[in-house]
Amino acid sequence: MRAVTRNIRFALTLLLAVALSGCMEWDYLYTEEFDERGQGLFCLNEGNFQYGNATLSYYNPEAQKVENEVFARANGMKLGDVAQSMVIRNGVGWIVVNNSHVVFAIDINTFKERGRITGLTSPRYIHFLSDEKAYITQIWDNRIFIVNPKRYQITGYIDVPNMTMESGSTEQMVQLGDFVYVNCWSYQNRILKIDTRTDKVVDELEVGIQPTSLALDCNGKLWTVTDGGYDGSPYGHEAPSLYRIDPESFTVEKQFKFNFGDWPSEVQLNGAKDKIYWLNDDVWEMSVTADYLPAEPFLPYKDTIYYGLTIDPQSGDVYIADAIDYVQQGMIYRYSKERELLDSFYVGIIPGAFCWK
Amino acid sequence: MKFIIHNSLFTTIRIWISVLIIFNAAPLIAQTQSDNQEWHRRTHDIPEISVYGARPMKEIGTQQTKLDTTALKENIALSMADVLTFNTSIFVKSYGRATLSTVAFRGTSPSHTQVQWNGMRINNPMLGMTDFSMIPSYFIDDASLLHGTSSVNETGGGLGGAVKLSTKPAEAKGFGLQYIQGIGSFKTFDEFLRLTWGNDHWQTSTRAVFSSSPNDYKYRNHDKKENIYDEQMNIIDQYYPIERNRSGAYKDLHILQEVYYNTGKGDRLGLNAWYTNSNRELAMLTVDHGSDTDFDNRQREHTFRGVVSWDHLRQNWKIGAKAGYIYTWMAYDYKRDLGNGIMAHMTRSRSRINTFYGQVDGEYYIGKKWLFTANLSLHQHIVESRDKNIIRQDGNKAIVGYRKGRPELSGSLSAKWRPIDRLGVSIVVREEMFGKEWTPIIPALFIDGVLSERGNIVAKASVSRNYRFPTLNDLYFLPGGNPDLRKESGWTYDAGLSFAVGRKGLYSLKGSATWFDSYINDWIIWLPTPKGFFSPENIKDVHAYGVELQADLEVALSPKWQLGLNGNFSWTPSINCGEPRSPADRSVGKQLPYVPEFSSSVTGRLSWRRWTFLYKWCWYSERFTMSSNDLSLSGRLPEYFMSNISLEKVLVFNWADLSLKGTINNLFNEEYLSVLSRPMPGINFEVFIGITPKWGNR
């Protein structure tokens, strides 16, 4: 019995030692200094919804060098949950982080935070009208927020007609003169026309089901592509289309129909804005004056689902994002205009949006 | 407003409890103290180690972990998620305190663990998983884990295993009452009431648990910084804020009614009815820069589960039948303050689940060497999911959702043979039908044998095929449901040794070591699509293997001192061995995200007279958050240690037994995350006062 007791004492001591030696750390992030000048590409990695692991990558095309997680490394804090989009204005990058309800302003060379806009519902895109006025579109809100970026303050709202909070969805914005055009995506089929002088929706144009993107070409024409909805949707399911819209008359000038079941997305323009690109399994390229969809893709599908697309405005190189399985670092492929693979590099989880510096 | 609701609900519950006491106190005449109400007895006799021949025929070759009453009834604030965390080697993935808690059994996903309550499967048919934070441990009298192949004895679909939860008669003699009040950190209130009454034939029990808390614990947020601006809106300083857990309040009410009748002539009837009313906010992420006053993010649930059972027992055969019903109403509301105090819905989701359940089973012994069993169960689900209100193109309103029904039939036959006392063999064949689709025959083979009578060393081995059908959301959820999904399938192999030694009244030492190896094909995972929503696909083949160790020690150090130690350790590599999804895919050959490779738990209990000190410790190794196991800044969660202690004293009076208990959770005040962006509470405290009156027994 004594031996048993002795063994138990030993076991207890060992157990206590193990327990007390235990420690775990929720690490603080360290900070680094960056000074990345010259042309560069920001890549926004959405991260996994509700896991707060969105990141920002920066790629130097000339040096073919990528730096990942630059926001966290420069600022000692995380970017947030679902990085949605980014624009640059006057040396400041504005990053919309959807489910963190925030828009960060960063220095585009040091990546250090300059300020942030909060109080948003579910922000998607930001568009600047001036240094002191910008619009921020939302999903699950029937208002477009008007903000003062200089003071990082919300200054007003644009009410969108025929839209409830639940069905609210405003997305990308382009500006032509005094008017800003906005595509409405989730369970929507409209392009809105907003008078920036009055901050009112003054007109709207019905297109197909769920227009996902909006771009303005060299001829002043708007381009949007619909995804056509999905099977079983009470909103409808149809073959998607690419639309060329004349903003003056605010009418559809040309409709390019895809096959039923296709999933086109990510309408992008080259630097000269005379070529349009999109994803539909493969990568497609078309002149903005074309009358028919191309028969052959620019780059064929390669055993993966492409998730993001951008064109280098200077060189015309095509960058394609592969999210792989959506829970690991995605891969960016860089192709020349001549379809030659120039580089590939890993970024963060679900690379979905780009921004050129 | 929240305060008013809380108080009114509290008052309603107190009135309800008073009514129950009055109602149940009626048969007080000549009542005696229930003999099962010795919950205060924390010391118990150390039993004789059973001899090898007494191993139940039904458990030939099975690997199971049984949770004893002391673990289940440790304190009223615990859910089954807490009990599993500290008493088993299962990995419990908790999204926070009183928040969704799912399990990864042997490195599998939550939907690979089948959960039964009194024989009825309670996995959510839409999601496939079970939220163990919604099961109060005080409502469970018997709990056991059936590891891997062993689950095939009870049900199909348990690619990781099965958790069997059940209630049992209180064995009361007369009227009994137990009331416990817990008050803890973060304004946490836990209340438990149990009323029992019984005689030789009838047993009734009513249990109620009510838990509430604003749950607004403080933590230093390492994931974000607050800015300090000058007048020109330049940042002049930044700091990591100390925040409260925002939007994490909960109010959970559970009521369990049981009635049992035993004819004394071999027939037993039972009725179990369990009602849950839960109202939980969904806590904001650490990286959320919104204000909790701007949003209301809340999940509510009303669930009723009822089972009636009949067992007819004879000397060498038994038949039984069960019928049950589950009704679940779930609401998810995500609201936004429009700036005028009006909270407008961003998301308004509702779902209703009706499940009808029936089961018949039989057992037939031929001598002492053969046992044949048969079992047939049916779960008929009718699900209505209403996830989003939209305005259609024609201007009319519509709802995005689905309404589907699915019968789930599962039947098994088994033959168990013990040719000699030292050897047992069991063969099980099972077949399942979900909707109109049948599985192939699911075979399972179990063997055990006594290697040495000295030390009761028993070797066990088993092998089984298994299948899991897609859930209703996998198939039909809008948008994204994929009706073309294949069922997951797998092979599992188990082998292990167990031993037991001891001397009655002095000590007992039991232990086991198990090796397992399983292959799961066509693993279903939800992935984002370019259309902006998620959709499930059969994408992975997973090889999960490893070792599970268990040990249990009980020692009477002296007539007044007693020590209990229970330990578990698991090594569970869970490796993606499918084809690369693209040339850039680096996940093949890597550990699945959020599945720890190692986990362990230890519980130590030291009793002296009517004092009991309890130490609980658990450890999960580093978990990767990416399938490629990248060690980026957010690619891993550091290993996780947790220590909880409690001290209890029982006071015995003529009129009642009183129990006083204090607990300290997160003893070393660790700042930690269980899941990315989900902060866990630091050190926190709760005290419990319990009373068991001695009716008519002074």
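We did not get these values from a lab; they are worked out from the coordinates using the rules stated. These numbers were taken from a predicted model, which means no experiment stands behind them. A quick note on method: Cβ atoms are made from the backbone with ideal geometry, for glycine too, and the neighbour counts reach across all protein chains shown.
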Margin query: Please report the projected area of chain B's Cα convex hull averaged over all directions, in nm².
Written below: 34.3
Next item on the list: Would you please state the base-10 log of I(q)/I(0) at q = 0.15, 0.21, 0.25 1/Å for the stretch A:45-136, with intensities from the Debye formula using one equal scatterer on every alpha carbon?
Entry: -0.54, -1.04, -1.37
Check: Which shape class, rounded, prolate or oblate, goes with the protein assembly as shown when its Cα gyration tensor gives a ≥ b ≥ c as root eigenvalues, a/c under 1.5 marks rounded, and past that a/b bigger than b/c marks prolate?
Finding: prolate
Item checked: Footprinting exposure proxy for A:Cys184, A:Cys43 (fewest neighbouring C-beta atoms within 10 Å first) -> A:Cys184, A:Cys43
Next item on the list: Please give the calculated 222 nm ellipticity per residue for chain A, where each DSSP H segment of at least 4 residues contributes -39500 (n - 2.57) and the sum is spread over every residue; nearest 500 deg cm²/dmol?
Entry: -2500 deg cm²/dmol
Item checked: 25 Å tail of the calculated P(r), the stretch A:225-350, as % of Cα pairs -> 30
Notebook entry, point to check: Extent of the stretch A:100-210 along each principal axis, from alpha carbon coordinates, in Å, largest to smallest?
Noted result: 42, 30, 24
Check: Quick one: B:Leu376, B:Leu592, B:Leu637, fewest Cβ neighbours within 10 Å first, how do they rank?
Finding: B:Leu376, B:Leu637, B:Leu592
Checklist line | Reachable aspartates and glutamates, given that their alpha-carbon falls under 15 Å from the alpha-carbon of B:Lys368 and they are not under 8 places away in the same chain | finding: B:Glu59, B:Asp421
Checklist line | Listed pairs B:Lys66/B:Lys487; B:Lys251/B:Lys616; A:Lys150/A:Lys257; B:Lys173/B:Lys322 exceeding 32 Å between Cα atoms | finding: A:Lys150/A:Lys257
Margin query: Give the lysines reachable from B:Lys335 as a straight Cα distance under 16 Å; neighbours fewer than 8 places away on the same chain don't count.
Written below: B:Lys2, B:Lys388
Item checked: Relative contact order (%) - the stretch B:583-622, alpha-carbon pairs under 8 angstrom, separation at least six -> 38
Checklist line | Within straight-line cross-link reach of B:Lys661, aspartates and glutamates at Cα separation under 18 Å, skipping those fewer than 8 residues along the same chain | finding: B:Glu38, B:Glu74, B:Asp82, B:Asp190, B:Glu191, B:Glu648, B:Glu686
Next item on the list: Please find, in a Gaussian network model of chain A (springs between Cα atoms separated by less than 10 Å), the residue of A:Asn183, A:Asn68, A:Asn90 whose mean-square fluctuation is greatest.
Entry: A:Asn90
Checklist line | Residue-averaged 222 nm ellipticity for chain B, from DSSP H runs of 4+ at -39500 (n - 2.57), nearest 500 | finding: -1500 deg cm²/dmol
Check: Across the Cα atoms of the stretch B:51-108, what radius of gyration and what greatest pairwise Cα-Cα distance (Dmax) are found, in Å?
Finding: 14.7, 46
Next item on the list: Within chain B, what's the longest run with no chymotrypsin sites (Phe, Trp or Tyr not before Pro) in a DSSP loop and at most 12 other beta-carbon atoms within 10 Å? Give the range, please.
Entry: B:1-652
Next item on the list: Report the net charge of residues surrounding A:Ala63, where surrounding means a beta-carbon distance below 11 angstrom and charges are Lys +1, Arg +1, Asp -1, Glu -1.
Entry: -3
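What dipole magnitude, in Debye to the nearest 20, does the stretch B:154-238 give about its Cα centre under +1 on Lys/Arg Cβ and -1 on Asp/Glu Cβ?
Working: 10 positive and 11 negative charges, 105 e Å.
Roughly 500 debye for the stretch B:154-238.
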Item checked: Size-normalised alpha-carbon gyration radius of chain A, reference 2.2 N^0.38 Å -> 1.15
Note to self: Give me the dipole magnitude in Debye, nearest 20, for chain A about the Cα centre, with unit charges on the beta carbon: positive for Lys and Arg, negative for Asp and Glu.
What the structure shows: 1360
Note to self: Under 25 °C and 0.890 mPa s, how fast does the stretch B:149-244 diffuse according to Stokes-Einstein, given a Kirkwood radius computed over C-alpha pairs? Answer in µm²/s, whole number.
What the structure shows: 126
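Within a 10 angstrom radius of the beta carbon, how do B:Lys218, B:Lys416 rank from fewest other beta carbons to most?
B:Lys218, B:Lys416
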